[in-house]
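Notes follow once the structure below has been shown.
Please treat every number below as a calculation from the coordinates, not as lab data. These numbers were taken from a predicted model, which means no experiment stands behind them. Every residue, glycine as well, gets a Cβ built from its backbone with ideal geometry; the counts of neighbours run over all protein chains shown.
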């Protein structure tokens, strides 16, 4: 499966990470997601396309770099 890394600059707490996970899992329930609050990195292994994942994070209300 493809893997992607996104930097979510306004992810500041576990609640943010949970909302981002939920948004990505709505696209791909089998996605593997790791959110690192310290580095603001979200690593995703998923069959979903990169642009779709990025859009889901943005629609959840976060800024993706």
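Observations
- Residue 59 paired with residue 36, simple spin-label distance in nm, labels 7 Å along Cα-to-beta-carbon: 2.8 nm
- Nearest-0.05 FRET efficiency for residue 1 and residue 26, computed from C-beta distance (R0 22 Å): 0.80
- As a calculated quantity, the FRET efficiency between residue 43 and residue 10 at R0 = 25 Å, using C-beta atoms, amounts to about 0.90.
- Annotation: the chain has a Kirkwood hydrodynamic radius of 11.2 angstrom, from the mean reciprocal C-alpha pair distance.
- Contact order normalised by residue count of the chain, Cα under 8 Å, 6+ apart, percent: 47 percent
- Structure remark: mean-square fluctuation, Gaussian network model of the chain, C-alpha springs under 10 Å; the largest value among 53, 24, 45 belongs to 45.
- Degrees between helix 50-59 axis and first principal axis of the chain (Cα, 0 to 90, nearest 10): 40 degrees
- Over the chain, DSSP H runs of length four or greater, each weighted -39,500 (n - 2.57), average out per residue to a 222 nm ellipticity of -11500 deg cm²/dmol.
- Of 64, 12, the sequence from fewest to most neighbouring Cβ atoms within 10 angstrom is 12, 64.
- Gaussian network model of the chain, springs between alpha carbon atoms under 10 Å - residue of 35, 55, 23 with greatest fluctuation: 55
- Helix 14-27 vs. the chain, principal-axis angle (Cα, 0 to 90°, nearest 10): 20 degrees
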